[in-house]
Amino acid sequence: SPTVESDDWCQRLRFAILDEIHTLGKAGQGTIWEQVLLVAHCPILALSATLGAPEAFVAWLRGLQQDRGRDLYVVQHHGRYNHLTPWVFDGAGLKRVHPYMALLGESTSYLLPRPPSLKMLPEDAVRLHGLLMELEGATPSLMSLAPGTFFAADPAAGWNLSMEQASEWEAAIAAHFDCLPVELRLKAVLRLTEEAREGFDVVERALQQVGEPAYLAGSILADYLHSSQLLPAICFHNCRQGCEFIAMALYDTLEKREKQHRQDKNTDSEKRELQTKFNAVAFRLSKIRSTALNPELESLKTERDGLQRAIAFHDEPLLEFTAFVPGQPRVSRECLRDDLSTLRCSTSGCLWQLLFRGIGVHHSGLSKEYRQTVERMFRMRQLGLVVSTSTLAVGINMPSKASIFAGDSPFLDAYQYQQEAGRAGRRGFDLRGHTVFLGLPRLKVSLLLAADLPMIQGNEVMTPSLVLRLVMKERFLAATNRARGNVLKAIENVIGSPLFLPLRDSGKLQRAALFRLCCSFLRQERLLGSKLELTDLAGFVVHIHYDEPGNFAIGSLLQVPGLLEEICCQSREALVSLLCHLFCRREGGKVTAVPSTRLPPLPAKVGKEIEKLSQRALEAAVGFWQSFLLEHAPMYGSEVLPLTGFEVKTLTLEFTEEVASEVAQRQTHQVILRSSFDALSGWCDDDFQCIEELCRSARCDLGLSPSMFPAFSTLSPNLNSYLLDYYKHGQLGAIIKNNRIPRTEVYEHLDTFKFMLKSLAATAERRAAVEANRPTSFSDPVIVSAFSAVSKEFEGIMKQGVAAPKLPISKTKAVFT
């Protein structure tokens, strides 16, 4: 931020701690992490427990630190502080999974090679050693691996072994196993995994018969978690709606079973007797005059309070029909109600009910208040089971005893598995963690157990908004006579040191060219002057930099005299409709629906200006990269097929006179920027219709991405009007039903749009205050007041009607994806 306060704060920064640094490899949020590492001027401490193949990442990070004049020290710990025990739940109980099940392929008639990352727990190694003694016989090499013999060389060990010593013994057993004949190894693995494979067979047959949603809904895993003392636990599922469905189905099952239990035990009669006694005591109290010294009065009050507590206890769910952690103090229903009554959130009433039975739900589509309540109660052991997406896998301290993997998903890979499994058995809480597979096929579990962590990849960090922010920071420091070394170094790193930078000579040259292209585009849009001086509009665009290309579209509209003012004068709905076209866009609007869910078209003048912005970005990109390739032709010769490495050169054949004439007529333009592969398919020029086509069809060695260019691919006529509709009527149920917005995503979309409106309003008000003596189009009182009013109105609507419709638990549909 180009302010004195921001620069002073940055100068006081001495260290930066980045936990879960592997998040850098994720699309979207990973870009922010990489930008932080590129521009941070202070020493850093990067932490990760799931960083796969760290050599390339460490080399890149070491280069950044050396450029800052610092060394990079790498501290690695192999293995966990405590072990994880894998289980499979087959509907009838928990069955132990031996890690070597991962060596069995689709067919059990052959073995796969054992990956180095596949480790056994000490008890697994004991089982394997005992089985090999039975199958192989007491050979000298196997006898030397007997625990009593193996650890006899270390008299200090005795039977008080460390984890390192147990790991050494496990490695020796595994090495011996690898040297055995294939037939013997296969026989041993089949014996070791017999029970688990039977469990997976039961699971797979059930999945084929009833499907995954019904199978997960019918599971009674909570009973076995209670009896096996595996609570508290986190149940991971990759679908938001599925998380709510699983939790509600469990709640419904527990409630029905408790109701039946109370009927069988006739506990309602006990409650009626207590209520009768309470009424009698209350009546007697009403007839006694209150005096300072009245022993009968005090005795009746004590009796009344005891009866009241007993009645309240009868209203509480019985422990065996909840997911509360045994032995932990429970929060009473009344105390929990008092706590929840102070919160405002867009959460269905049935989700609050789950908390009364020790069950919580956690995903990014829920309100912040509800999620924080679930996190706090789980940490305090007041919840025993939380059903969550991967939101609880990174960056949140939620130690559990077990991690449950419910249902399969294409997103469930080795990285996500290890990250989510790492929630269980946390240091300082448990000596052993557990992972439970619920509704997963055997082959998927084998892949998760044996797969290595992927190497993290970099992201495209250079965008026009980032370039504008860096230039703005540099200009501000120069104008205030402050040190510019850090920001200049940050610009240099963004240009020349992104993690994904290709290992070739043209890489840094290409990045420098992209920086020049961004600066050229910013000058073209009148955000920078000819000498990179800042214009008045630059601050407005930078303030909403997180939502490209909407910020550039607003900036373009503000430069057309009277255009935005005209819309603001029409109605608030017209302004909201315009903003819905630029921010939080969602396809799928239907004009045939009743009511219509299609966003009204943009005014002709506005649509024309936005199309002009996209066309200017496209023309600037095409012209720049064509000139770049012509200037540096020796570096960019023939293209290479990505898999085979086959080099594709320009086609040079001897044509007949007739064919040569036809080819000459077709190829009126030279192909410079377009890929040779596309050109072979009939595209004979560099005429691109949109940014997406340019990035898709350009030479792959340029690595072009749509995020580099602030342009809308198309002004779709089928945008969903859910935000505009909510602004009109404020009914969540209506946009869920009519606009087809998933109930689990409603709060997230509304909150994002609210934040964007507040940013626009704050920016407009700030610019109006700064430019009071020299008003411009974007400090116009009409525009400022309209942005401020829309922001306050939308926030007020959310406060009044944020509660999502309450759905009966018993009527929840067993359908989710």
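Can you spot a residue in segment 114-129 that is open to solvent by less than 50 Å² (accessible area, probe 1.4 Å), farther than 22 Å from ASP452 by Cα and either of a type in the set (Gly, Ala, Ser) or in a loop (DSSP other than H, G, I, E, B) (or both)? Within segment 114-129, none of the residues are open to solvent by less than 50 Å² (accessible area, probe 1.4 Å), farther than 22 Å from ASP452 by Cα and either of a type in the set (Gly, Ala, Ser) or in a loop (DSSP other than H, G, I, E, B) (or both).
Based on this model, can you work out whether PHE200 counts as closer than 29 Å to LYS444 by Cα and touching an Asp or Glu at 6+ places or on another chain (Cβ under 8 Å)?
On the way: closer than 29 Å to LYS444 by Cα: yes; touching an Asp or Glu at 6+ places or on another chain (Cβ under 8 Å): yes.
It is true that PHE200 is closer than 29 Å to LYS444 by Cα and touching an Asp or Glu at 6+ places or on another chain (Cβ under 8 Å).
Of all residues in segment 159-215, exactly one satisfies the criterion of being farther than 16 Å from ARG127 by Cβ, open to solvent by less than 30 Å² (accessible area, probe 1.4 Å) and not in a helix (DSSP H, G or I), namely GLY211. Would you call LEU514 within 24 Å of the chain's Cα centre (by Cα) and buried (at least 20 other Cβ atoms within 10 Å of the Cβ)? Taking the combined requirement at face value, the residue does not satisfy it.
If you go through segment 46-69 and pick out every residue that is assigned to a loop (DSSP other than H, G, I, E, B) and not β-branched (Val, Ile, Thr), you end up with 8.
Of all residues being assigned to a helix (DSSP H, G or I) and of a type in the set (Val, Ile, Thr) in segment 524-580, which is surrounded by the most Cβ atoms within 10 Å (Cβ to Cβ)? Just the residue, please. Ranking the candidates gives VAL541 first. Out of GLY428, GLY365, one residue alone is among the small types (Gly, Ala, Ser), out of contact with any Gly (no Cβ under 8 Å at 6 or more places or on another chain) and open to solvent by less than 30 Å² (accessible area, probe 1.4 Å). It is GLY365.
Could you list all residues from segment 73-96 that are part of a loop (DSSP other than H, G, I, E, B), within 29 Å of the chain's Cα centre (by Cα) and aliphatic (A, V, I, L, M)? Those that are part of a loop (DSSP other than H, G, I, E, B), within 29 Å of the chain's Cα centre (by Cα) and aliphatic (A, V, I, L, M): VAL74, VAL75.
Filtering segment 12-45 to residues that are assigned to a loop (DSSP other than H, G, I, E, B) and open to solvent by 30 Å² or more (accessible area, probe 1.4 Å) leaves LEU13, ARG14, PHE15, ASP19, LYS26, ALA27, GLY28, HIS41, PRO43.
So for segment 247-267 (the condition being open to solvent by less than 80 Å² (accessible area, probe 1.4 Å), at pLDDT 75 or above and touching a His at 6+ places or on another chain (Cβ under 6 Å)), does at least one residue qualify? No.
Find the residue count for segment 216-227, including only residues that are more than 29 Å from the chain's Cα centre (by Cα) and surrounded by fewer than 17 Cβ atoms within 10 Å (Cβ to Cβ). Don't jump to the end; show me each part of the working.
At the first step, the residues of segment 216-227 found to be more than 29 Å from the chain's Cα centre (by Cα) are 223-224, 226-227.
From what's left, surrounded by fewer than 17 Cβ atoms within 10 Å (Cβ to Cβ): 223, 227.
Of the residues in that region, 2 qualify.
Among the residues of segment 380-420, those that are open to solvent by less than 20 Å² (accessible area, probe 1.4 Å), over 19 Å from ILE21 (Cβ atoms) and either hydroxyl-bearing (Ser, Thr, Tyr) or out of contact with any helix residue (DSSP H, G or I) (no Cβ under 6 Å at 6 or more places or on another chain) (or both) comprise GLY384, LEU385, SER388, THR389, PRO399, SER400, ALA402, SER403, ILE404, PHE405, SER409, LEU412. The residues of segment 742-766 that are out of contact with any helix residue (DSSP H, G or I) (no Cβ under 8 Å at 6 or more places or on another chain) and surrounded by 21 or more Cβ atoms within 10 Å (Cβ to Cβ) amount to a single one, TYR747. Restricting the first member to segment 370-385 and to residues that are within 19 Å of MET248 (Cα to Cα), and the second to residues that are part of a helix (DSSP H, G or I), the beta-carbon pairs closer than 6 Å and six or more apart or on different chains are LEU383/MET377.
From the list ALA16, ALA59, ALA49, the lone residue that is of a type outside the set (Ser, Thr, Tyr) and in contact (Cβ under 8 Å) with a residue 40 or more places away in the chain is ALA49.
In the set VAL576, VAL591, which member is over 24 Å from PHE476 (Cα atoms), at pLDDT below 85 and among the β-branched types (Val, Ile, Thr)?
Residue meeting the stated conditions: VAL591.
Within segment 702-710, one or more residues are within 16 Å of ARG616 (Cα to Cα), modelled with pLDDT of 85 or more and in contact with a Phe, Trp or Tyr (Cβ under 7 Å, 6 or more places away or on another chain).
Step by step: first the residues of segment 46-102, then only those that are under 25 Å from GLN165 (Cβ atoms) and open to solvent by 50 Å² or more (accessible area, probe 1.4 Å), then the one that is modelled with the lowest pLDDT. Which residue is that? Outline the logic, then answer.
Narrowing segment 46-102 to residues under 25 Å from GLN165 (Cβ atoms): 49, 75-86, 96-100, 102.
Those still in the list that are open to solvent by 50 Å² or more (accessible area, probe 1.4 Å) too: 49, 75-81.
Numbers: ALA49: 82, VAL75: 89, GLN76: 85, HIS77: 82, HIS78: 77, GLY79: 73, ARG80: 76, TYR81: 78.
Restricting to residues being under 25 Å from GLN165 (Cβ atoms) and open to solvent by 50 Å² or more (accessible area, probe 1.4 Å), the top hit is GLY79.
The values are calculated or read from the model by the stated rules, or taken from the named source; none is laboratory data. In this text, all values refer to a predicted model and were calculated from it rather than measured experimentally. Virtual Cβ from ideal backbone geometry, glycine too; neighbours counted across all protein chains shown. Heads up: the accessible areas ignore ligands, DNA and RNA and are worked out on the full protein's heavy atoms, side chains in. Shrake-Rupley method; radii C 1.70, N 1.55, O 1.52, S 1.80 Å.
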